Amino acid sequence: NMHYLGREYMFRGMWDKSIETLLRHLALPTAVWKDERASSMRYIARCYARLGNEPECEKYHLLSIAEAPYLREVWYDYAMFLYRKKDWHGTLFAFERMMQITERPETYISETEPWGPLPFDVMSVAYYMTGDYRASAENAEKALSFSPDDERIRKNLEFARAMLGRE
């Protein structure tokens, strides 16, 4: 229940209270389920991000990965953190690791975003920014297969293809 309470504080924008509560969850001797522990760490990272504390945010992303590297969610959250920092190579590394995870757990820990179009969309942008237009186009195509009416993704695909034509 401590995990749920900390998560609720996060949902309500009570960042400090959420961090305090989630750290209490992690300290409980009964808090042994790695998936839930990693989730608490991801939430702590999100709270630190909202508080503008980038070093602690990154620390808790990395701790969540160390706790449960088999979950897409830990890699997804870290990739998005790196994307916001415009760390294109780091973003791609984290997403490529995430994509190696192909079995979705049937628990409440599993979130929609890591299994949908957004990772491909973001990877397309990151590949574009590193000059790998072929990989950018391939990922834009995958993102578009999830969201065929998304005009922004369609335009990104056109940009990547145009750059391929220049090579």
Review point. Relative to the present Cα-Cα distance, how much length would full extension add between M163 and V32 at 0.36 nm per residue of separation?
Key: 42.2 nm
Revision key, fill the gap. The ³J(HN,Hα) series, computed from each phi in segment 8-13 with the Karplus coefficients 6.51, -1.76 and 1.60 at θ = phi - 60°, rounded to the nearest Hz and given as x for glycine or proline, is 5, 4, 4, 4, 8, x
Practice item. Set the Förster radius R0 to 41 Å, insert the Cβ-Cβ distance between K86 and E20 as r into 1/(1 + (r/R0)^6), and round the FRET efficiency to 0.05. Key: 0.85
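Might you report the magnitude of the Cβ-based charge dipole of the chain about its Cα centre, with Lys and Arg at +1 and Asp and Glu at -1, to the nearest 20 debye?
Values: 23 positive and 26 negative charges, 61 e Å.
Using Cβ point charges on Lys, Arg, Asp and Glu, the chain gives about 300 debye.
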Point to revise | In sequence order, calculated HN-Hα J values of segment 25-36 (Karplus, 6.51, -1.76, 1.60; Hz; x Gly/Pro) | key: 4, 4, 7, 5, x, 8, 7, 10, 6, 4, 4, 6
Check your understanding: Using the Karplus equation 6.51 cos²θ - 1.76 cosθ + 1.60 (θ = phi - 60°), what ³J(HN,Hα) coupling, rounded to whole Hz, does each residue of segment 150-162 give in order, writing x for Gly and Pro?
Key -> 7, 5, 5, 5, 4, 5, 4, 4, 4, 4, 5, 5, 4
Exercise for review: Calculate for the chain the 222 nm mean residue ellipticity that helices alone would give, adding -39,500 (n - 2.57) per DSSP H run of length 4 or more and normalising by residue count, nearest 500 deg cm²/dmol.
Suggested key: -23500 deg cm²/dmol
Check your understanding: What is the helix-to-structure angle for 133-146, meaning the angle in degrees between its Cα long axis and the longest Cα principal axis of the chain, kept from 0 to 90 and rounded to the nearest 10?
Key -> 70
Point to revise | Euclidean distance between Cα centres, segment 57-88 to segment 142-167, Å | key: 26
Review point. Which angle between 0 and 90 degrees, to the nearest 10, do you get for helix 54-67 versus the longest principal axis of the chain when only C-alpha atoms count?
Key: 80
Practice item. Extending each Cα 7 Å along its Cβ direction at R152 and T112, get the distance between those two points in nm, one decimal. Key: 1.6
Revision key, fill the gap. Once amide hydrogens are built 1.01 Å from N within the peptide plane, the residues lying 5 or more places from I109 or on another chain with amide H under 5 Å from its amide H are none
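Where a number appears in this text, it was derived from the coordinates with a stated rule and is not lab data. Just so it is clear, the structure is predicted and the values come from calculations on it, not from any experiment. As a convention, Cβ positions derive from the backbone with ideal geometry for all residues, glycine included, and neighbour counts pool all protein chains shown.
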